[in-house]
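Trainee: Quick one: structure below, then a few questions.
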């Protein structure tokens, strides 16, 4: 409700998508919506699916990650590795995770609820933590992957 009044604290996605990234993004989206039985133009269904982010997809634990605003791009790279380490550690303990960029635009609400100082702290991402439901249709989605050769050059 009233999502349009909320603005991102930082640009998570590019202002202008280009190929091949937009094509990949669309494919994953349409593959997911297809599994869920949502057809093109079913905005109500798509919005309902998107809203599940804000219940952490019914996971028992929802995590919100923040970073000090003074930190530069390199720290965001480190942060990504930190997040991945949490995700790998969770899998090692039989838990599943779902990182969620959807929380970005609601930083003001999150700051209010969690008592964050938005002048110094920025919401990076949310993450659902729990046990996946293997029979949930959305958890059967297998996204295509580029071959290693398409983005790597080995020298020597």
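The values are calculated or read from the model by the stated rules, or taken from the named source; none is laboratory data. Nothing here was measured: the structure is a model prediction, and the numbers come from that model. Quick reminder, even Gly has a Cβ in these numbers, built from the backbone with ideal geometry, and neighbours come from all protein chains shown.
Trainee: Just give me the residues in region 4-19 being surrounded by fewer than 11 Cβ atoms within 10 Å (Cβ to Cβ) and either in contact (Cβ under 8 Å) with a residue 40 or more places away in the chain or over 23 Å from residue 125 (Cα atoms) (or both), in sequence order. Don't jump to the end; show me each part of the working.
Mentor: To start, the set of residues in region 4-19 that are surrounded by fewer than 11 Cβ atoms within 10 Å (Cβ to Cβ) comprises 4-5, 7, 11, 14-16, 18-19.
Selection gives 7, 18, 19.
Trainee: Could you figure out which of (1) surrounded by fewer than 13 Cβ atoms within 10 Å (Cβ to Cβ); (2) modelled with pLDDT under 95 isn't true of residue 81?
Mentor: That leaves (2) as the condition not met.
Trainee: Of the conditions (1) within 14 Å of the chain's Cα centre (by Cα); (2) within 23 Å of residue 141 (Cα to Cα); (3) modelled with pLDDT under 95, residue 11 clears all except one; give me its number.
Mentor: (2)
Trainee: Do we have any residue at all in region 16-24 that's within 21 Å of residue 105 (Cα to Cα) and in contact with a strand residue (DSSP E or B) (Cβ under 6 Å, 6 or more places away or on another chain)?
Mentor: no
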